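Sharing a structure here in C-alpha cells format.
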Amino acid sequence: MLSGFPVWLTNALSPNATPLWTTSDTAILSFALLSLGVEILADAQKSEWRRQKEQGEHNEKFITRGLWSISRHPNYVAEVLFHASIFALSCRSLVTPGVPQSAVLLSSISPVFSYGILRYLSGVPFLEKAGNKKWGDDPAWKRYTSTTPVFWPWARIYA
C-alpha cells in the first residue's frame, strides 16, 4: 500500500486536474525505466553467475562482477530509485489546485519506506548477516566488503 501511494493519489485526481505531459515527465519516466532495467540487469548478472558456478565455470563464493562490483546490493538500489521515480512522476499531478500539500508529503513516504525496508529491515541486513556468517573470515570477502559500498555506489559506506 505505501509503495503505491503516490500512484493511488494521482489516480484519485479528476482527469481535468492532471497537468499535461512535459519533457520533465519524459525524463523522469526514462529514469524509472532505466532503474527498472538496472534491477533486471543486476538480477540477470547474479543468475548467470549462479548458472556458471553450477556448471563449474568458476569457483567464486560470491559475486563481485558487473554491477555487483560497485554495490553489494545493486538490485535493491535500482528498486529504490524506481520507487523514487514513480514518486517524482506523481508529484507534478499532486501539486495542483485542490490537492492538499500534505498529499505530496504523504506520497514521499513511498520511496523512503522502500529504502528503509530494503536497507535496514529486510533485504540488506539479512543478506549481509548471511554473508558474514558464511565468509566472514575469508580474505576475499573482507576485501569485497571493505572496498564495495553496501548500498549506494557513490556513497563510500561499507557497513
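When both residues are 6+ apart or on different chains and their Cβ atoms are under 7 Å apart, which pairs have a first residue that lies in segment 138-151 and is closer than 15 Å to H73 by Cβ, and a second that is open to solvent by less than 20 Å² (accessible area, probe 1.4 Å) and polar (S, T, N, Q)?
Here the result reads T148/S71; P149/S71; F151/S71, each pair linking segment 138-151 to a residue that is open to solvent by less than 20 Å² (accessible area, probe 1.4 Å) and polar (S, T, N, Q).
So in segment 92-107, with the set limited to residues that are buried (at least 16 other Cβ atoms within 10 Å of the Cβ) and in contact (Cβ under 8 Å) with a residue 40 or more places away in the chain, which one is farthest from V38 (Cα to Cα)?
Residue satisfying both the conditions and the ranking: V99.
Which one is most open to solvent (accessible area, probe 1.4 Å), of the residues in segment 129-151 that are under 17 Å from L67 (Cβ atoms) and out of contact with any Ser or Thr (no Cβ under 8 Å at 6 or more places or on another chain)?
Checking each candidate, the answer is T147.
Filter segment 62-79 down to residues that are of a type in the set (S, T, N, Q) and surrounded by fewer than 20 Cβ atoms within 10 Å (Cβ to Cβ) and give me whichever is nearest to the chain's Cα centre (by Cα).
This residue is S69.
Condition test on N59, is it surrounded by fewer than 19 Cβ atoms within 10 Å (Cβ to Cβ) and either over 14 Å from the mean Cα position of the chain (by Cα) or closer than 24 Å to K129 by Cα (or both)?
yes
Can you give me the ranges of the helices (runs of 4 or more DSSP H) entirely in segment 30-138 with at least 3 residues that are of a type outside the set (A, V, I, L, M) and touching a helix residue (DSSP H, G or I) at 6+ places or on another chain (Cβ under 9 Å)?
74-94, 109-116, 123-135
Still on this structure, I have one more. Would you mind stating whether T10 is open to solvent by 50 Å² or more (accessible area, probe 1.4 Å) and in contact (Cβ under 8 Å) with a residue 40 or more places away in the chain?
no
The values are calculated or read from the model by the stated rules, or taken from the named source; none is laboratory data. Computed from a prediction, not measured in an experiment: that's the story for all the values here. Don't worry about glycine lacking a Cβ; one is built from the backbone with ideal geometry, like all the others, and counts go over all protein chains shown. These area figures cover heavy atoms from the full protein model, side chains too; ligands, DNA and RNA do not enter into them. Shrake-Rupley method; radii C 1.70, N 1.55, O 1.52, S 1.80 Å.
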